[in-house]
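To keep things clear, I will list the structure first and then write my remarks on it.
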Number of protein chains: 2
Amino acid sequence: MTATGAPRMIQDRALRPTAKVLPEHIRLNNRTLVLQTLYRTGLQSRADLARETGLTRVTVSDLISELMGENLVIELGQRQEPRPGKPATLLDINRVAFQIVTLDLSGHTRLRGAVLSLDGAVLSSSGVELSGARGEAAYEKVAALLRQVIAGATAPILGVGVGSPGIVDRAGVVRNAPNLGWRDEPLQARLQDATGLPVRVVNDANAAVLAEHSFGGADHDLLLVKVGHGVGAGLLMGGRAIFGERFAAGEIGHVVVGTDDGPLCACGKSGCLEAWLSVPRLTSAIQAATDTAATPEQAELATDQILTEAGRRLGIILAPVVGALNLLEIVLSGPPELLDGVLSAATVETILSRTMATETGELTLRMTAQGEDIVLRGAAVMVLSAQLGVS
Amino acid sequence: MTATGAPRMIQDRALRPTAKVLPEHIRLNNRTLVLQTLYRTGLQSRADLARETGLTRVTVSDLISELMGENLVIELGQRQEPRPGKPATLLDINRVAFQIVTLDLSGHTRLRGAVLSLDGAVLSSSGVELSGARGEAAYEKVAALLRQVIAGATAPILGVGVGSPGIVDRAGVVRNAPNLGWRDEPLQARLQDATGLPVRVVNDANAAVLAEHSFGGADHDLLLVKVGHGVGAGLLMGGRAIFGERFAAGEIGHVVVGTDDGPLCACGKSGCLEAWLSVPRLTSAIQAATDTAATPEQAELATDQILTEAGRRLGIILAPVVGALNLLEIVLSGPPELLDGVLSAATVETILSRTMATETGELTLRMTAQGEDIVLRGAAVMVLSAQLGVS
DNA sequence: CATGTTTGTTAGTAAATCTTACGAACTAAA
DNA sequence: TTTAGTTCGTAAGATTTACTAACAAACATG
């Protein structure tokens with residue numbers, strides 16, 4: 001028996017709807033679509049936007065006039081290229097009308113803050129020493145830094161983004177951040193009350209991976225490994241950040257590497273990734289090797305050995321993840337003098353040799369081009385995404 | 001400077017829109033929402049659906065009359081409970097009006113097919129020996145089996161779902177399936193042309209994880225490890241299947257375990273997961289140990305050692321994945337006499353001892369309750385999802 | 001038996017897009 | 001110089017969708 005009167009095929013967009021949709025939601029979607037298109041390509045006419053989005057010129061004009069009313073979009077005169085027909089009026093996001101304030105709390109000893117343009121460029125930055133402050137004292141340091149950065153803004157502030165170490169839930173509550181002495185600290189809500197601005201708090205590695213995606217031109221599926229005082233990762237699948245069932249996705253620092261033990265870790269286990277790869281561990285190991293080396297050549301050799309082994313250990317941890325997720329792009333963030341060389345070479349080689357070459361042959365591993373501002377810029381992506389739906 | 005005239009907050013639904021939305025898309029979304037609600041809870045009145053979905057009774061009535069016109073929903077008389085007010089007319093998905101045809105091509109020597117109800121119950125099943133057929137001959141076996149199963153259906157067929165081993169892309173092209181001798185085989189398109197029915201082809205492990213999610217009551221984030229002639233995995237994050245950049249997500253069979261080598265694998269590497277854990281490897285190792293054992297007690301001890309070590313190896317591979325994704329739920333599918341015992345116990349223990357207990361303390365690992373029909377039922381989920389937006 | 005409650009439907013309204021049509025402004029060819 | 005063709009942005013009306021308001025039907029309860 002074959003199908004008779006079978007129901008129509010449902011399109012992808014309708015898969016697993018979670019809520020009802022009303023006409024006004026259409027407007028929001030299409031408004032954001034236009035804004036997003038304009039944000040990424042810039043300098044387009046209404047007709048260009050209509051062609052690119054599939055909406056009609058009428059609808060685009062209507063949406064643009066709404067966006068111009070909010071000072072989010074501005075006209076920039078007529079296109080100069082000689083073409084037949086009425087010349088187009090060029091539009092762009094009003095990139096100087098708003099600024100974004102962001103904080104990076106992931107430094108072990110220093111908190112950073114910055115004012116960024118809508119493009120993610122750092123306009124000004126400042127910082128404050130943590131000086132061992134913990135708990136409420138640490139919160140006060142953060143709040144004071146935020147007030148200071150906000151005072152330095154020279155345009156209306158679109159919102160505040162904060163990248164915090166530790167485990168941060170969707171509501172911006174820092175569930176656990178040992179370095180800052182926070183447990184269940186409702187940072188987002190407190191800062192929002194304190195400033196009256198929209199605030200978004202996310203994990204630092206998650207912020208970093210968003211920055212790499214939006215500003216680094218990374219692909220849809222991306223793993224970013226952030227090496228600092230600890231080791232953490234941010235994961236993007238299909239263009240969306242993965243948070244995990246308990247918001248602890250990317251916490252690979254205390255996963256044990258290999259089957260041959262390894263250095264004792266502060267957490268009590270032996271052979272944790274962090275015990276191999278953290279910046280303090282690497283620097284002290286290199287220092288020790290250099291001190292005991294008879295010649296500079298010996299010192300360099302020993303350093304290379306230490307870094308190669310650390311890279312290999314990272315590769316051992318990442319291989320199952322790369323295989324299970326079919327990842328093709330891994331980005332490292334951290335001190336380039338440690339990571340960018342034999343270490344990352346050893347990591348790639350290890351991953352390739354431990355996974356199926358046919359699937360991972362195109363694997364790329366590289367340093368981030370975002371430098372030390374990666375968390376600040378990622379926090380800005382969160383604000384852009386939350387306030388404008390753009391990124 | 002504080003925000004003045006800052007744009008409104010964008011809701012979650014508007015994040016990263018990828019396409020324009022029109023009024024008719026609203027209809028599709030809400031229609032699917034109603035159908036989904038009815039599918040999952042069953043036996044509700046129009047007023048119940050209105051309360052649950054948030055839509056008005058008017059809108060629900062309109063959608064229901066459309067769905068009844070397609071024979072997807074039927075009225076089942078009035079509710080009997082004595083309540084004030086006009087008695088409600090109970091509705092349900094018309095669960096006998098359509099059937100789903102599915103195939104499971106993942107058996108090493110045998111292809112299976114079945115007719116399923118919309119609830120995922122297997123109504124009838126059949127199979128055919130592969131007999132070493134490869135390439136076009138294998139396709140012919142599949143097509144013949146499909147014709148046979150279709151002929152056995154007793155109601156209009158909603159669609160055809162196929163779970164295939166190997167790497168399957170989004171268009172249902174089997175990119176690579178060594179056992180069947182397929183490379184870039186456009187199975188979905190060919191079967192669709194041959195039958196005139198909507199066909200969905202997916203990887204077997206991905207089908208399995210969908211079955212576990214829809215029928216096994218599993219959570220949003222779920223890893224299913226399928227142990228058979230090979231070892232593969234299916235991954236669900238946020239209720240959505242993860243396919244990977246090259247559609248090879250879950251291919252963990254040839255990831256190397258540990259840092260102490262291990263058995264030589266058919267792929268040329270040493271210590272692949274499959275070389276530890278595949279069913280042929282385990283059965284032959286157990287057989288050999290039993291043959292050489294002096295007493296039954298010795299044989300059992302040796303068997304337990306083999307299974308424990310296999311479980312430990314699985315845990316070593318999964319620990320980084322569990323840590324990176326913050327997974328709390330792992331399901332095993334395969335021969336229970338091998339997997340359900342010391343093996344899975346060793347896997348859990350290994351994962352817990354190699355990850356941060358605070359995040360993975362709630363980890364559950366269990367056997368699937370779907371048994372051998374898991375791929376058939378998962379393929380049905382694909383059809384339900386594609387044709388009705390329901391699952 | 002009157003009252004209140006719940007159900008499902010009918011009629012009209014609001015919001016969003018679309019189609020069709022038009023004037024404005026430009027290039028290029030006759 | 002004039003004419004034709006093109007492109008841009010806007011205006012008016014049609015279409016789709018879901019909403020609000022109102023109502024009849026059917027039941028329980030005091």
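The values are calculated or read from the model by the stated rules, or taken from the named source; none is laboratory data. What you see is a predicted model; the values in this text were computed from it and never measured. FYI the Cβ positions are ideal-geometry reconstructions off the backbone, even for glycines, and counts take in every protein chain you see. Keep in mind that these areas ignore ligands, DNA and RNA; they rest on the heavy atoms of the full protein, side chains included. Shrake-Rupley method; radii C 1.70, N 1.55, O 1.52, S 1.80 Å.
Going through (1) free of Cβ contacts under 8 Å to residues at least 12 places away in the same chain; (2) surrounded by 14 or more Cβ atoms within 10 Å (Cβ to Cβ) one by one, B:E337 falls short only on (2).
Condition check for A:V202 on (1) assigned to a loop (DSSP other than H, G, I, E, B); (2) in contact (Cβ under 8 Å) with a residue 40 or more places away in the chain; (3) touching a Gly at 6+ places or on another chain (Cβ under 7 Å): one failure, at (1). Checked across the stretch A:243-252, the condition of being in contact (Cβ under 8 Å) with a residue 12 or more places away in the chain, more than 8 Å from every other protein chain (Cβ to nearest Cβ) and open to solvent by less than 40 Å² (accessible area, probe 1.4 Å) holds for no residue.
Applying the criterion of being among the small types (G, A, S) and open to solvent by 50 Å² or more (accessible area, probe 1.4 Å) to the residues of the stretch B:55-87, the residue that is farthest from DNA strand C (Cβ to nearest atom) is B:G69. The set of residues from the stretch B:66-88 being within 11 Å of DNA strand D (Cβ to nearest atom) and in a helix (DSSP H, G or I) comprises just one member, B:E66.
Here B:V60 passes the criteria (1) among the β-branched types (V, I, T); (2) within 8 Å of DNA strand D (Cβ to nearest atom); (3) more than 11 Å from every other protein chain (Cβ to nearest Cβ) except the one numbered (3).
Residues in the stretch B:44-54 that are within 13 Å of chain A (Cβ to nearest Cβ) and away from DNA strand D (no atom under 11 Å from the Cβ) were compared, and the one that is least open to solvent (accessible area, probe 1.4 Å) is B:L49. Scanning the stretch A:349-372 for residues that are closer than 18 Å to A:L222 by Cβ, touching a residue at least 24 places away in the same chain (Cβ under 8 Å) and open to solvent by 10 Å² or more (accessible area, probe 1.4 Å) yields A:E359, A:E362, A:L363, A:T364, A:L365, A:R366, A:M367, A:T368, A:A369, A:Q370.
For the stretch B:138-172, a residue qualifies if it is more than 13 Å from chain A (Cβ to nearest Cβ) and without any contact (Cβ under 8 Å) to a residue 24 or more places away in the chain, and the qualifying residues are B:E140, B:A144.
Being out of contact with any Phe, Trp or Tyr (no Cβ under 9 Å at 6 or more places or on another chain), over 30 Å from B:F98 (Cβ atoms) and crowded, with 21+ Cβ neighbours inside 10 Å: is that true of B:A346 here?
Criteria not met by B:A346.
Reported count of residues in the stretch B:214-232, each being surrounded by 24 or more Cβ atoms within 10 Å (Cβ to Cβ) and either more than 23 Å from B:G315 (Cα to Cα) or within 9 Å of the chain's Cα centre (by Cα) (or both), is 1.
Scanning the stretch A:16-54 for residues that are assigned to a helix (DSSP H, G or I), more than 15 Å from DNA strand C (Cβ to nearest atom) and of a type in the set (S, T, Y) yields a count of 2. Taken as a whole, the condition of being free of Cβ contacts under 8 Å to residues at least 24 places away in the same chain and either outside any loop (DSSP other than H, G, I, E, B) or not hydroxyl-bearing (S, T, Y) (or both) applies to B:A189. The set of residues in the stretch B:276-307 that are open to solvent by 10 Å² or more (accessible area, probe 1.4 Å) and either among the aromatic types (F, W, Y) or within 14 Å of chain A (Cβ to nearest Cβ) (or both) contains only B:W276. Take B:V122 and decide whether it is open to solvent by 40 Å² or more (accessible area, probe 1.4 Å), under 29 Å from the mean Cα position of the chain (by Cα) and β-branched (V, I, T). Yes: the conditions hold for B:V122.
Annotation note: of B:A138, B:A133, the sole residue that is modelled with pLDDT of 95 or more and either farther than 20 Å from B:A205 by Cβ or within 16 Å of DNA strand C (Cβ to nearest atom) (or both) is B:A133. Applying a threshold of 6 Å to beta carbon distances and a minimum spacing of six or more residues, or different chains, the list of pairs starting in the stretch A:60-79 at a residue that is closer than 13 Å to A:R46 by Cβ and ending at one that is acidic (D, E) and within 8 Å of DNA strand D (Cβ to nearest atom) is empty. For the stretch A:1-47, a residue qualifies if it is modelled with pLDDT under 50 and not β-branched (V, I, T), and the qualifying residues are A:M1, A:A3, A:G5, A:A6, A:P7, A:R8, A:M9, A:Q11, A:D12, A:R13, A:A14. Restricting the first member to the stretch A:31-42 and to residues that are within 13 Å of B:V21 (Cβ to Cβ), and the second to residues that are outside any helix (DSSP H, G or I) and open to solvent by less than 10 Å² (accessible area, probe 1.4 Å), the beta-carbon pairs closer than 6 Å and six or more apart or on different chains are A:T32/A:G389.
Given the structure, is B:A310 surrounded by fewer than 21 Cβ atoms within 10 Å (Cβ to Cβ), touching a residue at least 24 places away in the same chain (Cβ under 8 Å) and among the small types (G, A, S)?
No; evaluated as a whole, the condition is false for this residue.
In the set B:V115, B:V96, only one residue is closer than 30 Å to B:S333 by Cα, more than 11 Å from DNA strand D (Cβ to nearest atom), exposed (fewer than 15 other Cβ atoms within 10 Å of the Cβ) and modelled with pLDDT of 90 or more; that residue is B:V96.
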